[in-house]
Amino acid sequence: MQRFESYLATHLPKAPSFHPIYEEALAVMLLAGGKRFRPSLLLSIVDAYEPLLYEGALPIALAVEMFHTYSLIHDDLPAMDDADLRRGHETLHKRYDEVTAILVGDALNTDAFLRIAKAPLRDDVKLKLVTLLAQNGGSTGMVLGQALDCYFENIPLNLEQVKILHKNKTAKLIASSLQMGGVIVGLSLVVQKDLYDFGIDLGLLFQIQDDIIDETQTTEEAGKPTGNDGDKNSFVTLLGLAKSMEEADILAKDLQKRFEAFEPKLQSALEPLISKYLHRHKR
């Protein structure tokens, strides 16, 4: 991912004006690190199937990371999680102020679609990519998940409802990242759907494991506040730690079987990124 990190560092949002902190604030959370999981999924598929399209896919990968970063900035706001720490750094509303954090989130959200629109790819491909990011990140995807999460805080949900919440809030952006990679390289619709469906359950596993981390790691170890899920509809809150680990184990084993059904080229592309999630339950 060094190529992506270099690209990100040289293609940060620019908005020169007489505002003393706005342009700096646009870049802070993008430069704060993170797993880069979503752009990595997308770029790994492109690199495996059509490496000549890798450069053209970099703006798409950055768009996905910008969109994800906007969601984290807003998720941390006082009106939502009111978090002080993200990726081991002060959250934007703590470093600057709440207004700046809101506006930076708004900007990264909107600019993500601009990056896709201006990418050096065919127009029909870019239209599909915009559609996927909007469908999975907007009112019927990630935002819906966040709305459910916030509205039902302190109101216990059942297991199926919790899964719906987290499929929207977390899994759909992971699933769409996989499918967007498939769109760029022209994989069949059947394979695209398999990738998307796999990504939904991978995102669910990702969330269960994140809930386990919240329960078992310190703030310093996790790089973000932990122990704060008691009022939220997390898997650990609903099922307890032991049952959540069992749920993660079952899901990981099912994903492993489905992963092994992918063609070898796809397996080789994704294995370095997802193996730690599929095998974490064995540790």
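Numbers at a glance
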read-out	value
Values of log10 I(q)/I(0), in the order q = 0.14, 0.24 Å⁻¹, for region 109-162 under a Debye, Cα-only, solvent-free model	-0.51, -0.89
Derived scalar couplings ³J(HN,Hα) [region 104-120; Karplus, 6.51 cos²θ - 1.76 cosθ + 1.60; whole Hz; x for Gly, Pro]	5, x, 4, 5, 5, 4, 5, 5, 4, 6, 5, 4, 5, 4, 9, 5, x
Interchain or long-range residues, amide H under 5 Å from L85's placed H	T91
Qualifying lysines (Cα of each under 25 Å from Cα of K167; at least 8 residues distant if same chain)	K35, K126, K128, K193, K224, K232, K243, K253, K257, K276, K282
Neighbourhood net charge (14 Å Cβ-Cβ; Lys/Arg +1, Asp/Glu -1) for L159	-1
For region 145-187: span of alpha carbons on each principal axis (Å, largest first)	44, 17, 8
Distribution of pairwise C-alpha distances over region 14-77, 5 Å bins, in %	4, 16, 22, 19, 17, 12, 7, 3, 1
Tail beyond 18 Å, pair distance distribution of region 46-135 (Cα, percent)	51 percent
For the chain: relative contact order, % (alpha-carbon pairs under 8 angstrom, 6 or more apart)	19 percent
Packing rank of 208-215, 32-39, 173-180, where each peptide gets the mean count of other beta carbons within 10 Å, highest leading	173-180, 208-215, 32-39
Geometric extent, Cα atoms of region 11-169 - Rg, Dmax (angstrom)	16.7, 51
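Values quoted throughout were computed directly from the atomic coordinates according to the rules given, and no laboratory measurement underlies them. Only a predicted model underlies this, so the values are computations on that prediction, with no experimental measurement involved. Ideal geometry is used to build each Cβ from the backbone, glycine not excepted, and the neighbour counts take in all protein chains shown.
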